[in-house]
Amino acid sequence: MTETIRMTTAQAIVRFLDNQYISMDGVETKFVEGFFTIFGHGIAVGLGEALDSDLGELKVFQGRNEQGMCHSAIAYTKQNGRKKIIACASSVGPGAANMVTACATATVNNIPLLVFPADTFASRQPDPVLQQLEVSSSLAVSTNDAFRPVCKYWDKITRPEMIMTALVNAMRVLTDPAETGACCIGLCQDVEGEAFDFPEYFFRKRVHRITRPIAVKEELEDVASVLRGAEKPLLIVGGGVRFSEAGEVVEKFCEEFGIPFGETQGGKSACRSSHPYCLGGIGVTGTLASNIIAKDADVVIAVGSRMSDFTTSSKHLFRNEKVRFVSVNYSRYHAYKMDAVKAVGDARATMEALTEILRSTGYHSAYTDEVVKAKEEWDKELERLGGIAYTGEDFEPLIQARDPRTIPEFVRLTEGRITQTAALAVINRTIDKDATIITAGGSLPSCMQRMWRTDKRGGYHAEYGYSCMGYEVAATLGVKLAEPENEVYCVVGDSSFQMLHSEIMTIMQERQKVNILIFDNCGFGCINNLEMNHGIGSLATEFRYTDGKKPCGDLIPVDYAKIGQGYGLHTYTCRTIEELEAALEDAKKQDRACLFDLKVIPKTMTDGYEAWWNVGLAEISEKESVREAWENVEKGRRESRAY
C-alpha cells in the first residue's frame with residue numbers, strides 16, 4: 001500500500017520544490033533557492049502558512065513590486081546559468097497582473113521563472129471575491145488567464161491533487177533548454193488550504209538532468225558542407241553560447257578556422273572581449289567592426305541566437321547577395337530562422353563535433369587582414385568616444401537631431417558636464433575586472449554593446465530580448481545573490497529608474513552591496529532620438545513641464561541622490577568625469593549599497609554604425625521631414641531580406 005502524507009496544497013508545493021535538483025556535466029545543484037513573495041489576502045494564509053510552518057532549506061525574500069521581484073528572480077537565474085531559480089508568489093488580481101510583464105521577459109529570454117499567482121475561489125462561494133476580475137461570458141476566466149500567452153506552461157489548481165501533475169510539468173519546462181521560460185501555476189485561494197493525502201513518493205528527491213545532445217550526423221554534415229565553401233564566414237555568438245558554457249569552445253573554433261565573431265546582447269561576455277577574433281556587438285547596436293565584416297560575409301553562423309531584428313538589422317545587415325546562413329541551436333524553432341541550414345543540439349557539444357569535421361577537411365577562411373583592420377579602426381573609435389568632453393556653448397554632441405534648447409538648459413539646471421560615452425569608458429576601466437555590469441532598455445544597452453569590454457565570462461548581463469525598462473535595479477539584487485563575492489553594478493537611465501526601483505528596499509533589507517549608476521539626461525533619450533531622426537518633433541520624450549496641451553515647457557531636474565538617501569544608500573552626485581571616477585573608487589570601500597546620480601548631457605550617446613532598423617513610420621505626413629524619412633525607411637525595406 002502506498003504511503004501518504006496529509007498536508008495542504010500549499011504545504012505540498014513547498015515540500016516538493018525543496019527537493020528539486022539540477023545535474024549538468026555531473027555537477028548537482030539544488031534548483032530552488034526559495035520564494036519571493038508579496039503577501040496579500042490571496043496567499044497570506046494559504047501559501048504563507050506553508051512557508052511559515054516548514055520552509056525546509058528554502059528562503060523567503062520580501063518583494064516590493066511583483067514585477068520587480070520577478071526581475072530579481074530572472075536575473076538570479078540568468079547569472080546562475082539557469083541552474084537555480086527563485087519562485088515568485090503574489091496575491092490575486094493586481095498583484096498577479098503585475099507579474100505578467102516579467103513572465104514575458106523571462107519567456108522571451110528563455111529564462112526559467114516559476115510564478116504562483118493566487119486566483120479566485122474554486123468553490124465560487126464568495127464570488128466576486130476581493131480583487132476578482134469578473135467576465136460575464138465565463139466565470140472560469142480570471143486575471144491569471146493573462147499569463148497564457150507569455151508563459152511556456154500555464155495551469156490553474158482547482159483541486160489539491162492537481163498540484164502534482166502541475167508541478168511535475170512545470171519542472172519539465174523549467175529544466176528544458178529548448179523550451180524554458182515562464183511557468184504559471186494559479187492557486188485558487190480555498191484550494192491552497194485544502195488538505196489531501198499525497199503519496200510519499202511525490203516528495204522524493206528529483207534530479208533533472210540538463211544534457212548536451214549533439215546534432216545528428218546528417219545535420220552536422222549539411223552545416224560543414226556550407227562552411228567548406230565559405231571564404232568570408234562570420235559567427236554570431238548568441239545567448240545559447242552563454243547558457244551552454246560554450247564560450248571557450250567557440251573561441252577555439254574561430255581561432256582554428258580563422259572566423260571572426262560578433263556578439264548579440266545575450267551572447268556578450270560568453271566569449272572574451274580581448275579575443276583576437278572578437279568584433280564586439282553586432283547589428284543595430286553593434287560596432288563598426290562587426291557590421292563592416294557582416295556586410296561582406298558569405299556564410300553567417302548563428303550559434304545559440306534568436307536572430308532578432310537588432311541582431312540582423314531587420315534582415316538588412318548581410319549585403320552579400322550569395323550569403324547563406326547556418327544555425328546551431330538547442331531549439332528547433334530558432335534553428336529554422338533565416339532559412340538557415342540547421343544543426344539542432346547543444347551549442348558546446350555541437351560546435352565540438354563540427355570542429356572535428358572541419359579539421360578533417362583542412363578548412364580555413366580566406367580572410368587576410370580584413371579582421372585586423374576592422375578591429376584597429378574600431379579601437380580608434382572607442383578611444384575617441386571615451387574622450388568626448390563638454391567644451392562649452394560650442395559643444396556639438398554625437399546625436400545632431402535635437403531641440404536646440406535642451407543641452408544649454410540641462411547644463412544650466414544641473415551643472416552636469418558628463419558625456420555618456422566618456423562615463424561608460426571611465427566605469428569600464430575603473431571597476432574591478434571580476435565585477436558584473438547590468439543593463440536593459442534605452443540608449444545605454446546600445447552604448448554598452450558597442451563599448452563595454454570584459455574577459456569575465458558572464459560579466460555583462462543585459463536584458464534586451466524584451467528590452468524591459470525597469471529591469472536594472474531589481475536585477476542588481478538577483479545578480480548579487482547569485483555571486484555575493486563580486487561587485488555588481490547597473491547602469492540605468494533616469495526614465496527606466498523612474499519606472500521601477502522599488503526593490504531598492506529589498507536590497508537594503510537583504511544587506512546587499514550593489515552599485516546603481518543613474519544616467520540622468522532628463523528624458524527618454526533613446527526614443528527622443530528615434531522620433532527626431534525620423535522627422536518627428538521632440539514630443540513627450542524629454543522631462544518638461546506641460547503647457548496644458550503637451551509637455552514642452554522647461555526641463556524638470558530631479559535629485560536622484562536624495563531618493564537613494566531616503567532608503568539609506570550611500571550616494572554620490574557626479575557632474576564631472578573626475579567626480580565620477582573618485583566616486584567609483586570610494587564606493588569600493590563602502591559596505592552598503594551605493595547610488596550614483598550622474599548628470600549626463602543629452603544626445604551624447606553613440607549613434608548607429610552601418611546599420612538600419614525597420615520602424616513603422618507614417619507613410620503620409622504633412623511634415624516634409626517625415627516624408628523624407630519615409631523614403632529612407634522604404635529604401636531599407638526594399639534592400640532587406642523578405643523573411
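The values are calculated or read from the model by the stated rules, or taken from the named source; none is laboratory data. Just so we're clear, the structure is a prediction, and the values are computed from it rather than from any experiment. Note that we place each Cβ from the backbone using ideal geometry, even for glycine, and neighbour counts take in every protein chain shown. For the accessible areas, the whole protein counts, side chains as well, though only heavy atoms, and no ligand, DNA or RNA atoms are used. Shrake-Rupley method; radii C 1.70, N 1.55, O 1.52, S 1.80 Å.
A straight chain from Arg159 to Glu221 at 0.36 nm per residue would run longer than the Cα-Cα distance by 17.2 nm. Taking every Cα-Cα distance in the chain and sorting them into 20 Å bins from zero, the calculated P(r) comes out as 19, 49, 30, 3, 0 percent. Of the residues Trp154, Trp378, the one with the largest accessible area comes first in the ranking Trp154, Trp378, computed with a 1.4 Å probe on protein heavy atoms.
Using the structure shown, select from Lys252/Lys433; Lys232/Lys295; Lys373/Lys603; Lys433/Lys589; Lys603/Lys623; Lys295/Lys322 the pairs with a Cα to Cα distance greater than 18 angstrom. Long pairs (Cα-Cα over 18 Å): Lys252/Lys433; Lys373/Lys603; Lys603/Lys623. Taking the average, over residues, of other Cβ atoms within 10 Å as the packing measure, peptides 202-212, 11-21 rank 11-21, 202-212 from highest down. Amide hydrogen proximity for Ala182: with H placed 1.01 Å from N in the peptide plane, the residues at 5 or more positions away or on another chain lying under 5 Å are Thr107, Leu113, Lys152.
Under 11 Å from a label point set 7 Å out along the Cα-to-Cβ vector of Asp554, the amide N atoms of region 398-422 belong to 413. Between Ser137 and Glu231, the simple spin-label model (points 7 angstrom out along Cα→Cβ) gives 5.9 nm.
Loop only by DSSP, 11 or fewer other Cβ within 10 Å of the Cβ. Give me the GluC sites (Glu not before Pro) in region 1-48 that pass, ordered by residue number. Walk me through the intermediate numbers first.
On the way: sites: Glu3, Glu28, Glu33; in loops: Glu3.
Counting only loop positions with at most 11 other Cβ atoms within 10 Å, the GluC sites (Glu not before Pro) in region 1-48 are Glu3.
For region 207-305, the fraction of 1.4 Å probe accessible surface lying on carbon and sulfur atoms is 48 percent.
Over region 381-520, the reciprocal of the mean inverse Cα-Cα separation, the Kirkwood hydrodynamic radius, stands at 16.1 Å. Any idea what the relative contact order of region 48-182 is, in percent, if you count C-alpha pairs under 8 Å spaced at least 6 apart? Relative contact order for region 48-182 comes out at 24 percent. Around the Cα centre of region 447-604, unit charges on the Cβ atoms of Lys, Arg, Asp and Glu (plus for the first two, minus for the last two) sum to a dipole of about 180 debye.
Probe radius 1.4 Å, ligands and nucleic acids left out: which of Lys295, Lys433 has the largest accessible area, and how do the rest follow? Numbers along the way, then the final one.
Details: Lys295 60, Lys433 155 Å².
Sorted descending by solvent-accessible area, the residues read Lys433, Lys295.
3J(HN,Hα) along region 509-520: 4, 7, 6, 9, 8, 10, 10, 10, 9, 8, 8, 8 Hz, from the Karplus curve 6.51 cos²θ - 1.76 cosθ + 1.60 with θ = phi - 60°, whole Hz, x for Gly and Pro.
Distance from the alpha carbon centroid of region 273-312 to that of region 313-343 works out to 12 angstrom.
Taking a quarter of the surface of the Cα convex hull of region 29-177 gives a mean projected area of 8.8 nm².
Put the Cα centre of region 350-389 next to the Cα centre of region 89-131 and the gap is 46 Å. For a modelled paramagnetic label at Glu639, 7 Å from Cα along Cα-to-Cβ, the residues of region 282-313 in reach, with backbone nitrogen under 13 Å, are 292, 295-296, 313. Note on region 332-395: with charges restricted to the Cβ of Lys and Arg (+1) and Asp and Glu (-1), its dipole about the Cα centre is near 560 debye.
Applying the Karplus relation 6.51 cos²θ - 1.76 cosθ + 1.60 with θ = phi - 60° to region 84-98 yields 3J(HN,Hα) values of 9, 10, 10, 5, 10, 10, 9, 7, 6, x, x, x, 5, 4, 5 Hz, where x marks Gly and Pro.
Summarised in one figure, the compactness ratio Rg/Rh of region 495-570, Cα atoms and Kirkwood Rh, is 1.09. Once the 1.4 Å probe is applied to the protein heavy atoms, the chain comes out at 40 Å² accessible per residue. Shown in residue order for region 114-124 are the 3J(HN,Hα) couplings computed by the Karplus curve 6.51 cos²θ - 1.76 cosθ + 1.60 at θ = phi - 60°: 10, 10, 10, x, 5, 10, 6, 6, 4, 6, 6 Hz (x for Gly and Pro). Here region 540-643 yields Rg over Rh of 1.16, to two decimals, using C-alpha coordinates and the Kirkwood radius. About the centre of its Cα atoms, the chain shows a dipole size close to 720 debye [charges on the beta carbon of Lys, Arg (+1) and Asp, Glu (-1) only; nearest 20 debye].
In this simple spin-label model, placing a label point 7 Å from the Cα along the Cα-to-Cβ direction at both Arg124 and Glu581 gives a separation of 7.0 nm.
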